Protein chains: 2
Amino acid sequence: MHASRIMPFLVLVTLASSATAVDPPKPLLGFGAGTAVEQFALETRFDAALNRDDLREWMKRISARPHHVGSPYDKENAEFIAGLFREWGFDTQIEEFRVLYPPPKSRLLEMVAPTSFKASLVEPPLAEDSTSGQTSEQLPIFNAYSIDGDVTADLVYVNHGIPKDYEELERRGIDVRGKIVIARYGGSWRGIKPKVAAEKGAIGCIIYSDPREDGYFDGDVYPKGGYRNDHSAQRGSVADMPLYSGDPLTPFIGATPDAHRLDVKDAKTLTKIPVLPIYAADALPLLQALGGQMAPESWRGALPIPYHLGPGPTKVHLAVTFDWKQAPIYDVIAKIPGSERPDEWIVRGNHHDAWVNGATDPVSGLVAELGEARALGLLRKGGWKPKRTIVYAAWDGEEPGLLGSTEWVETHADELRTKVAVYVNSDSNARGTLEVGGSHTLETFANQVARDVVDPEKNISVLDRARAEAILDAKEEERKEVRERTDLRIHPLGSGSDYTPFLQHLGIAALNIGYGGESEYGQYHSIYDSFDHYVRFGDPSFDYGVALAKTGGRMVLRLADAEVLPFEFTRFTGELGRYLKEVIKLLDDLRAEIDEKNRRIEDGTYAATFDPTKTFVVPRPEPPVPFLNFAPLQNALVALEKSTKANEKAILERLASGQALSPDAQRALDLVLMKSERMLTRSEGLPRRPWYVHQIYAPGFYTGYGVKTLPGVREAIEEKHWKEAEEQIEFEAQTIAAFAAEVERATAIVRGDSRN
Amino acid sequence: MHASRIMPFLVLVTLASSATAVDPPKPLLGFGAGTAVEQFALETRFDAALNRDDLREWMKRISARPHHVGSPYDKENAEFIAGLFREWGFDTQIEEFRVLYPPPKSRLLEMVAPTSFKASLVEPPLAEDSTSGQTSEQLPIFNAYSIDGDVTADLVYVNHGIPKDYEELERRGIDVRGKIVIARYGGSWRGIKPKVAAEKGAIGCIIYSDPREDGYFDGDVYPKGGYRNDHSAQRGSVADMPLYSGDPLTPFIGATPDAHRLDVKDAKTLTKIPVLPIYAADALPLLQALGGQMAPESWRGALPIPYHLGPGPTKVHLAVTFDWKQAPIYDVIAKIPGSERPDEWIVRGNHHDAWVNGATDPVSGLVAELGEARALGLLRKGGWKPKRTIVYAAWDGEEPGLLGSTEWVETHADELRTKVAVYVNSDSNARGTLEVGGSHTLETFANQVARDVVDPEKNISVLDRARAEAILDAKEEERKEVRERTDLRIHPLGSGSDYTPFLQHLGIAALNIGYGGESEYGQYHSIYDSFDHYVRFGDPSFDYGVALAKTGGRMVLRLADAEVLPFEFTRFTGELGRYLKEVIKLLDDLRAEIDEKNRRIEDGTYAATFDPTKTFVVPRPEPPVPFLNFAPLQNALVALEKSTKANEKAILERLASGQALSPDAQRALDLVLMKSERMLTRSEGLPRRPWYVHQIYAPGFYTGYGVKTLPGVREAIEEKHWKEAEEQIEFEAQTIAAFAAEVERATAIVRGDSRN
């Protein structure tokens, strides 16, 4: 798509910035020429109200003590944050939910053969890290939502523990049934590891931090550098979030005091086998004692040992029990009412709970959000009133499973479906390059925001920096497009932070923003994710905290004040075309792969090559991959392209006519636009996971955080469910047709008004 | 090229093997139907005369003590081998040369800052390895042909120490001038590391064995497994062999007692700076203490540390002195005279010297060669007489620099140029897949040999196994060709063993053969390359030793007995076309790369992205890459294709006529064929290295062992010498034209005779 084709809704703005009168006009999606000038001026005042010292002080305060779900400081933080919002003039409340939250009662991991070793499972305090010694308040190393268990068995190393790793093991004649597996962090979201292990028949799962992932392989370890030392572990949730996020006992409904709750035994997102995360120093003896074949080359980490697969002779005893209690969570919800369209909401969120002190995760993002809120408060004192309602949220319970955001979304689902136009999320933040993910109807909008934020290190726009990065990262054949495409691509969202319930459960257009790439990032979910760590290795000056506030704040300001919501359909349609090509290619590639495998089996190619001193199981031939009927999706896409083009044409005609839309028409258009993302959902949801209703973006059933676009079709192909794939093609075609109809409704408003 | 296009010279053979009368006819290049039947029968008798227990006993005997150049056991081995050849009826002599051979007098490596550490430089004896305790006879850890030196300086880690590594350092603002560099083994031949380091201004060079290369990263280390333990070092030559191989003091001439010798100071192949190889345990403290930026990700090895680049704070003191003496070397040369064409020689060689005990390198290949010789002796006793002269050679002094083969070749250059048809080389051998490199005029010949040797593990031909391996290794786009091409590709030869003086200094067609890929190969050039190691991890049954003897023996038998030498030109011509495409693409890729780099500089793309807390030097723009005139080479290739096709047609016509060539015509044809490879040389040699005269194959000036095809053009492009590149295009075009003329001479004989 060329620059000239991408037109904002209704108006291109000619704007001379105050500094350089010769600047070319800057378009501002959703604004008319006059209002855009006002908007840029407002943003200048907004920027001036941001203060990096505030961010630093708030981080120090909020990360001063461990503040996980159920801890005293978690509640204190919620109250502190609510107090700030109130002070800044927000209509603020704390919404409380009660969720299943099982901290560990006992944890034991020991090697019982061929030698004895007991894992210490304790991260030592460091003199260089002033909060690391708060041992009485720290959550021990554990994975939330593991079930209780006491198992003893031979150990098998399973690499990242994703399905294709088990295919490799199978080829080597290794079966994990009745075994305990040890997987390294990385390659998938952690919850996938015990899920797949249990499917394969393993009876326990250990997840360890290999120094290859974020330890000494990457740089000096903490406290000398910022990377993970050998005694630093990664806590984290292992709930089966690709089924549903939020409280395991209350899927689909808010975890209010009187909500109907499942029995713990019926909660489908709990693991099927006991799980425990450990650090490298505890993993080393277990892995070092493993025998059997060598792991494939790409499986080998950075420990100074040959990586064997087992099973055995390492035999381990893993025993974990948890306190299956309920705990309160505290969402802080702070509103500024809209002056003209109060029933159109822009929601901005970041979580406040952490695994321990959580200076980076989540406080680095949270303090930027607070900076925005304070600045909005100051603008209001200066007389500014947003057109639409602004809602700032500080979520609790994100870490165990997006609990705070999900329960709030489920509780207020009907209202939110009606009122929320866009959700803007952030989480951890650090020095580096802007990364944006989200709904592609907001791609141009996000690009315009990035265009207008200056990078603190480079004195160019954060968009130009991100584009330069993308040019350096691009494959040769993609480079030209990265250079010449007007907008830089934003990536589709899977899961991993609080946008999931908004986007994928309700169908609310969402953006996720953050800076990073230059920090020494080895503290994730450990006791060393501290203020002391952050100010050395994260963003010492807090300049990128301010940059995030400028980015998130601009998004909120523009979304709240635009004459018409700044959605744009050509980008989305273009992306959809890419995804469709991808799934067609996926099927073709799978066919070629299976044909090739079958041919190798038939020709004896495997048999001719494997080393007879090692076990090798020649795979069984598979049925060939059929051709599927993609025509419904292809036709739906063509129709959507037509609708999108007509929409674009209507906008250009409207611009040429010089006649603005009437306020009523603007509002009517808004209502259509804000619901366009809702058209991308299907109330029955995805196969085997009805909670996920979005038909274009979903977290992968076997990747967890990793996104699957056109998930119904894509995962059916990946799992070789051919009949389901064809059904899903139909469903997704219907979804796209419904979306096209919504685009046409928008076009009619734009066009109809202009012809009146 | 299709199967039907590949015709042997003169005759396709219809042969029913004794076992299965329904076998399809097996073509045998160079033989008529009747003689082929005899030949196959002879090979069956040859195979029966091979005995794996012999190989085992000879290896035990020859590797029983250290037998490097100048050692008592080196001479004893030469005499033992000569004795065997004599016993088997060969006309045998030991040819002695005197070469510069400087063993170390003193070696010191110590870290003097930031802490103290002295490298121990001693490989410890192991109870599990019965020869590892022969400390009084072992050569210490050193690199042959390092100069003396005593230097102290800050250390810089330079990865593999090849030119592009220094470009990376430059981008990070790191200059090695006045520094000592530490490079890891791998990525190039070791001699390139000090050569490039000196060019860049370093004053000393340490080369260490990273466990990523052949240590615990690959598997259990010796003695538990076969891989390199942390106290095992790699000795090896660092002479600048891409200039010339052989005695540094006698380039171009044999190192006979009265030869004119250069002063040591004038020997161009000695290093310019002192060099010392060390093992991982000695490298670890030096690398661990290094500071500065992190090394790029692909530079990081398997030591459990963050790999920093320096310079410093690690400061090292490196001091080495050598005994600049001359030493005798003993080539064993054993002949069987040809009965019909005594002045056409087939030479077969493998070296006998080792760095220490050398069971794998070179004895595993040597004992196969001895097995062949013994079997040939038995065949002769049974009445067989080869048509051509067979020369078996056991070279001395290969390890320090192909000394024995080079000095013999230089001494007898005129006679060898006239008489030698083909040289067949082997070196280390182990369990696994056949690998063949060599002149592409022998590709079909080599394939036919591989077709007729049965793999001991798989009971299929070693060709079929190698092809299956190639199918598994192939990129998707190459797979079809690997499957369908009649012949499996043999790879072009660079350097690294004794074929170099034959092929690249004299222009004698050569083959290099060996099995491998299934051994645990971590003993290279250490004291642990022992009989005990080999019979556990190399080829315990010696079945692959026998397979190598069957392969090498068949080559010798067929080359010696063929009615016409089994050269074939279409394969060579096809390869040449590939190489020409490669060099044209190389220029285009370089142009695109430099254009892209210049654009990034101009656009500020680098400036927009680098982390300002780290040093980054934006590269300087380079002049754009010109277009070069490849037409002379392209036209020469087209002419050669025409000549090759005419030749093929003449052979087919001859076959169709049913009239065999007369013995005189056969001999005349032989003389043309055996000189065809000589046509590929240019007496002035390659730019800056006149010793290397072959215009198609050469070791890379900056890769060492790695081959450069069309080296004159290719390296001129790589080094951006545009004028030289165009000159070299002309020279190589002339070379190809001369070769085409030789092909036409062969055609005339084939055709002329048929028309008589």
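Some values worked out for this structure:
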{"read-out": "Failed criterion for A:PRO540 (all others in (1) within 32 Å of the chain's Cα centre (by Cα); (2) part of a helix (DSSP H, G or I) hold)", "value": "(2)"}
{"read-out": "Region B:85-104, residues that are surrounded by fewer than 21 Cβ atoms within 10 Å (Cβ to Cβ) and in contact with a Phe, Trp or Tyr (Cβ under 8 Å, 6 or more places away or on another chain)", "value": "B:THR92, B:ILE94, B:GLU95, B:GLU96, B:PRO103, B:PRO104"}
{"read-out": "Subset of region B:137-160 (residues that are in contact with a Ser or Thr (Cβ under 9 Å, 6 or more places away or on another chain) and either in a loop (DSSP other than H, G, I, E, B) or among the polar types (S, T, N, Q) (or both))", "value": "B:GLU137, B:GLN138, B:LEU139, B:ILE141, B:ASN143, B:TYR145, B:SER146, B:ILE147, B:ASP148, B:ASN159, B:HIS160"}
{"read-out": "Residues that are assigned to a loop (DSSP other than H, G, I, E, B) and either over 29 Å from the mean Cα position of the chain (by Cα) or more than 18 Å from B:LEU287 (Cα to Cα) (or both), drawn from region B:161-180", "value": "B:ILE162, B:ARG172, B:GLY173, B:ILE174, B:ASP175, B:VAL176, B:ARG177, B:GLY178, B:LYS179"}
{"read-out": "Pick from region B:210-238, criterion among the hydroxyl-bearing types (Ser, Thr, Tyr) and not in a loop (DSSP other than H, G, I, E, B), ranking: nearest to the other protein chains (Cβ to nearest Cβ)", "value": "B:TYR227"}
{"read-out": "Exclusive hit being in contact with a Phe, Trp or Tyr (Cβ under 6 Å, 6 or more places away or on another chain) and either among the aliphatic types (A, V, I, L, M) or within 11 Å of another protein chain (Cβ to nearest Cβ) (or both), set B:ALA510, B:ALA468", "value": "B:ALA510"}
{"read-out": "Residue in region B:308-321 that is hydroxyl-bearing (Ser, Thr, Tyr), out of contact with any Leu (no Cβ under 7 Å at 6 or more places or on another chain), more than 14 Å from chain A (Cβ to nearest Cβ) and not in a loop (DSSP other than H, G, I, E, B) present", "value": "yes"}
{"read-out": "Pairs, first outside the structural domain of A:TRP384 (by TED's automatic domain parsing) in region A:15-40, second at pLDDT below 80 and part of a helix (DSSP H, G or I), C-beta under 8 Å, six or more apart", "value": "A:LEU15/A:ALA33"}
{"read-out": "Criterion: without any contact (Cβ under 8 Å) to a residue 24 or more places away in the chain and more than 25 Å from A:GLU110 (Cα to Cα) - qualifying residue of A:ASP258, A:ASP218", "value": "A:ASP258"}
{"read-out": "Verdict on B:GLU477 being modelled with pLDDT under 95 and either within 14 Å of chain A (Cβ to nearest Cβ) or buried (at least 24 other Cβ atoms within 10 Å of the Cβ) (or both)", "value": "yes"}
{"read-out": "Any chance A:ASP588 is within 14 Å of chain B (Cβ to nearest Cβ) and not aromatic (Phe, Trp, Tyr)", "value": "yes"}
{"read-out": "Selection status of A:VAL743, at pLDDT 95 or above, under 25 Å from A:LYS419 (Cβ atoms) and of a type in the set (A, V, I, L, M, F, W, C)", "value": "yes"}
{"read-out": "Test: residue in region B:494-515 that is in contact (Cβ under 8 Å) with a residue 24 or more places away in the chain, in contact with a strand residue (DSSP E or B) (Cβ under 7 Å, 6 or more places away or on another chain) and surrounded by fewer than 22 Cβ atoms within 10 Å (Cβ to Cβ)", "value": "no"}
{"read-out": "Pair list, Cβ < 8 Å and 6+ apart or interchain, from region A:597-616 residues that are at the interface with another protein chain (Cβ under 9 Å from one of its Cβ atoms) and surrounded by 14 or more Cβ atoms within 10 Å (Cβ to Cβ) to residues that are assigned to a helix (DSSP H, G or I) and among the aromatic types (Phe, Trp, Tyr)", "value": "A:ARG600/A:TYR606"}
{"read-out": "Subset of region A:279-294 (residues that are more than 22 Å from A:GLU123 (Cβ to Cβ) and either within 30 Å of the chain's Cα centre (by Cα) or within 10 Å of chain B (Cβ to nearest Cβ) (or both))", "value": "A:GLY291, A:GLN293, A:MET294"}
{"read-out": "Filter result (assigned to a helix (DSSP H, G or I) and either touching a Ser or Thr at 6+ places or on another chain (Cβ under 8 Å) or of a type in the set (D, E, K, R) (or both)) within region B:50-64", "value": "B:ARG52, B:ASP53, B:ASP54, B:ARG56, B:GLU57, B:MET59, B:LYS60, B:ARG61"}
{"read-out": "Matching residues in region A:477-518 - criterion: being over 19 Å from the mean Cα position of the chain (by Cα) and closer than 16 Å to A:SER428 by Cα", "value": "A:GLU518"}
{"read-out": "Helices (runs of 4 or more DSSP H) contained in region B:588-698 and holding at least 3 residues closer than 30 Å to A:ARG431 by Cα and not polar (S, T, N, Q)", "value": "B:605-609"}
{"read-out": "Cβ-Cβ under 8 Å pairs, at least 6 apart or on other chains, region B:170-185 side within 12 Å of B:THR615 (Cα to Cα), far side part of a loop (DSSP other than H, G, I, E, B) and of a type in the set (A, V, I, L, M)", "value": "B:GLU170/B:VAL617; B:ARG171/B:VAL617; B:ARG172/B:LEU309; B:ARG172/B:VAL617; B:GLY173/B:VAL617; B:ILE174/B:LEU309"}
{"read-out": "When residues of region B:418-436 are limited to those that are more than 14 Å from every other protein chain (Cβ to nearest Cβ) and closer than 12 Å to B:TYR515 by Cα, the one surrounded by the most Cβ atoms within 10 Å (Cβ to Cβ)", "value": "B:ASN429"}
{"read-out": "Hits in region B:103-130 - residues which are in a loop (DSSP other than H, G, I, E, B) and touching a Lys or Arg at 6+ places or on another chain (Cβ under 7 Å)", "value": "B:LEU121"}
{"read-out": "Conditions (1) in contact (Cβ under 8 Å) with a residue 40 or more places away in the chain; (2) in contact with a strand residue (DSSP E or B) (Cβ under 6 Å, 6 or more places away or on another chain); number of the one not met by B:VAL453", "value": "(2)"}
{"read-out": "Helices (runs of 4 or more DSSP H) contained entirely in region A:393-469, each with at least 1 residues that are modelled with pLDDT of 95 or more and of a type in the set (Val, Ile, Thr)", "value": "A:403-411, A:413-419, A:443-451"}
{"read-out": "Any hit, region B:382-404, residues being closer than 28 Å to B:ASP670 by Cα, of a type in the set (Val, Ile, Thr) and more than 22 Å from the chain's Cα centre (by Cα)", "value": "yes"}
{"read-out": "Only one of A:THR551, A:THR570 that is assigned to a helix (DSSP H, G or I), closer than 30 Å to A:GLY226 by Cα and among the polar types (S, T, N, Q)", "value": "A:THR551"}
{"read-out": "Condition check for A:ALA283: crowded, with 18+ Cβ neighbours inside 10 Å, over 21 Å from A:TYR166 (Cβ atoms) and modelled with pLDDT of 95 or more", "value": "no"}
{"read-out": "Cross-chain or 6+ apart pairs with Cβ under 7 Å, region B:639-654 first and farther than 14 Å from B:ILE749 by Cβ, then surrounded by fewer than 19 Cβ atoms within 10 Å (Cβ to Cβ)", "value": "B:ALA639/B:ALA737; B:GLU648/B:ARG5"}
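The values are calculated or read from the model by the stated rules, or taken from the named source; none is laboratory data. It should be emphasised that the depicted structure is a prediction, and the values quoted were computed from it without experimental measurement. Backbone-built Cβ (ideal geometry, glycine too); neighbour counts: all protein chains shown.
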